[in-house]
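A.B. asks: Sharing a structure below in structure tokens format, with a few things to ask.
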């Protein structure tokens, strides 16, 4: 599995700007993708947040597996000071419920002094701008179905007096475990120019085979699923006519087809990770990091010994 990284310069600036504004904020709203709540949350947020109340807004819940989303809500709310709220842009009333939740997290005494102040943040393409426009009741934030549309902070006064600070979407410098990068690429949180469609489509096919086999078979009219990810793409390509002269399947073409349809929700509601899965991945990544650190330490020790020996 390759490593996908994407950390444009404006994202580094965004992190610094957020840290400066944070002391003046009462409540943090982090928009995450309900299909991949772990991969789409930003591990920098806890350090920036401190003890402030945090609302995890699981957006695009209509595209995610409802049962898995409920497990994520229960899992996320185990953390102190965290509230999790699944929402869909197809149901704006769900999003507007956020205003009441924000107010409830600010003490009455504090609200008497000044209106509540909230900051909304999220990685690219989780629908943050659309949520802001729904809350404001008018077009405030630029929207776009691509990563990295918002480039600068802006302050928005909402109808109930809440002052909302919008922030540019930003990812962290290292996407770890590596599978996070793949899932983010599948859902469009990373610019398409950063990765190879065939690479992430193979990952998607492998996951769907065991997690949502019926969705694959029904959408692409496959009686049985092939054994390997490459064979699955080949079968889809033949069904959809993604072939070249001579009968071979154009992998890049079928890969783009699969990813496009997955992003549109054409295969039905799909969640790309569960709390149990990501817990295992984090532990495996920790063990691998320790192994590499020890390996590097041993290599450095041997190199120093050789250098010392050569000096004699």
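The values are calculated or read from the model by the stated rules, or taken from the named source; none is laboratory data. Predicted model only: the values in this text are computed from it and were never measured. Here the Cβ positions follow ideal geometry from the backbone for every residue, glycine too, while neighbour counts run over all protein chains shown.
A.B. asks: All but one of (1) closer than 23 Å to residue 191 by Cβ; (2) at pLDDT below 90; (3) assigned to a loop (DSSP other than H, G, I, E, B) hold for residue 121; state the number of the condition that does not hold.
C.D. replies: With (1) closer than 23 Å to residue 191 by Cβ; (2) at pLDDT below 90; (3) assigned to a loop (DSSP other than H, G, I, E, B) applied to residue 121, the lone miss is (3).
A.B. asks: Failed condition for residue 252, given (1) free of Cβ contacts under 8 Å to residues at least 24 places away in the same chain; (2) out of contact with any strand residue (DSSP E or B) (no Cβ under 8 Å at 6 or more places or on another chain), with all others met?
C.D. replies: All conditions are met except number (1).
A.B. asks: Additional query: Does at least one position in the range 262-272 carry a residue that is within 17 Å of residue 206 (Cα to Cα), modelled with pLDDT of 90 or more and part of a helix (DSSP H, G or I)?
C.D. replies: Checked against the condition, which is being within 17 Å of residue 206 (Cα to Cα), modelled with pLDDT of 90 or more and part of a helix (DSSP H, G or I), the range 262-272 yields at least one hit.
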